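Right, one structure below, let's go through it.
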Amino acid sequence: MSTLKIIHTPNNTLKIEKQSYLGTLGMGYLLKSLRNSDLFTVETHSDHLKTQRGERGTTLYFNDKKIYLDLWEYFNPTHSMDVYEANFDLIIKLQHAPISIEEYEKKCRRKNVLQRISAEEREKFYNKIIPWTFFPSTDLMKFMEAENCPNGPVSSLPEQHLAFFSGKNWKGRHSWCDMLEKQEGVYIVRHDGNNSQQKRMKRGVYHMDTNTYLNNMRSSKYGLVLSGRGSLLTQAKNRREIDYMIMKKPLLVNYDPYYYDRLIEGVHYIRLQSDTNIADLEDKYDLNQMVENAYEWYKNNASPIGVARSFLNIMHSEFKSDIPIHYEI
């Protein structure tokens, strides 16, 4: 496997919040990746923004720029007066949705969000918000460490399923699961959440242990990902995208994942439609090339060094700086 080697590292200072809420999914992974990359001179600060769902966000300083990083799947904490008044230079919201300013205005009115400021001020604020990357699941990271492949890829098992999905039976997934369950070779596990024990269980399947879950993923032909929970102002990406990239499974998703480094339909993933016959897809796509494209995207954006590299690229792009970046693959 090729590795990413940093040939030239500019003298950039990155200040990370001392009391970041590392229990928030993904925050520990992303901040650790930045801290351990050797791309930055890392310092700490104590400038925590107190706001609703503020534990889902954290403040970063890159040189003289003030940046907010928000990992929550709903509109808070980003779309709030507290964040607006903090006057960030850039806001990175992992679940940021690509909508027009007209749609943003409608949805802000519907949710009574940022109504104390003018439409012009809301547009200026909205233009500060960008997506970034995502992160692998804790279960897969532990497995990778145990298998001595901490950065991937993860090997497949003999194929048992055309596709596999295990998750909570949210309303937005009902019709998709109904359609998929009718297809031969597709294994769907969902729960109805009717009792408190099931509601508390990971992946909604209290009877499926971690090894069984990962083995079902590794023994599937396609990496099936169904949209999770989102809101009017956010997407519903989830960690399965990254997990399946690491496993080198062709991504089959029922939405268009929105990242700063864009994933391209037909190049990195297959868009699942309501009439998709999964058994026919192999004749329509170069699956081997697709998994290599997606794995390369993972290395450049969601692997530990890729997280740091993509962050630095964003700083270079958004602030039009003369930061030199030189890498060797």
| Do we find that L34 is crowded, with 20+ Cβ neighbours inside 10 Å, modelled with pLDDT of 95 or more and assigned to a strand (DSSP E or B) in this structure? | no
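Among residues belonging to the range 79-113 that are over 20 Å from Y29 (Cβ atoms) and among the β-branched types (V, I, T), point out the one that is surrounded by the most Cβ atoms within 10 Å (Cβ to Cβ). Before the answer, list the steps.
Restricting attention to the range 79-113, the residues satisfying the condition of being over 20 Å from Y29 (Cβ atoms) are 79-90, 97-113.
From what's left, among the β-branched types (V, I, T): 83, 99, 101, 113.
On the way: V83: 26, I99: 17, I101: 12, V113: 20.
Per the stated criteria, the residue is V83.
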| Looking only at the range 235-261, which residues are of a type in the set (S, T, Y) and more than 12 Å from the chain's Cα centre (by Cα)? | Y244, Y255
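Test E43 against the stated conditions and say whether it is assigned by TED's automatic domain parsing to the domain that holds R309, farther than 25 Å from R239 by Cα, part of a strand (DSSP E or B) and among the acidic types (D, E).
Yes; evaluated as a whole, the condition is true for this residue.
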| Quick check: is even one residue across the range 136-143 part of a helix (DSSP H, G or I), of a type in the set (K, R) and not assigned by TED's automatic domain parsing to the domain that holds D209? | no
| task | Read through the list (1) touching a helix residue (DSSP H, G or I) at 6+ places or on another chain (Cβ under 9 Å); (2) under 27 Å from D38 (Cα atoms), then give the number of the only condition that S274 fails. | result | (2)
| Out of the residues in the range 170-186 that are assigned to a loop (DSSP other than H, G, I, E, B) and touching a residue at least 12 places away in the same chain (Cβ under 8 Å), which is surrounded by the fewest Cβ atoms within 10 Å (Cβ to Cβ)? | E184
| Residues that are in a loop (DSSP other than H, G, I, E, B) and touching a residue at least 60 places away in the same chain (Cβ under 8 Å), drawn from the range 226-237 | L226, G228, R229, G230, L232, L233, Q235, A236, K237
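The values are calculated or read from the model by the stated rules, or taken from the named source; none is laboratory data. Nothing here was measured: the structure is a model prediction, and the numbers come from that model. Neighbour counts are summed over all protein chains in view; Cβ atoms, including those assigned to glycine, are modelled from backbone coordinates with ideal geometry.
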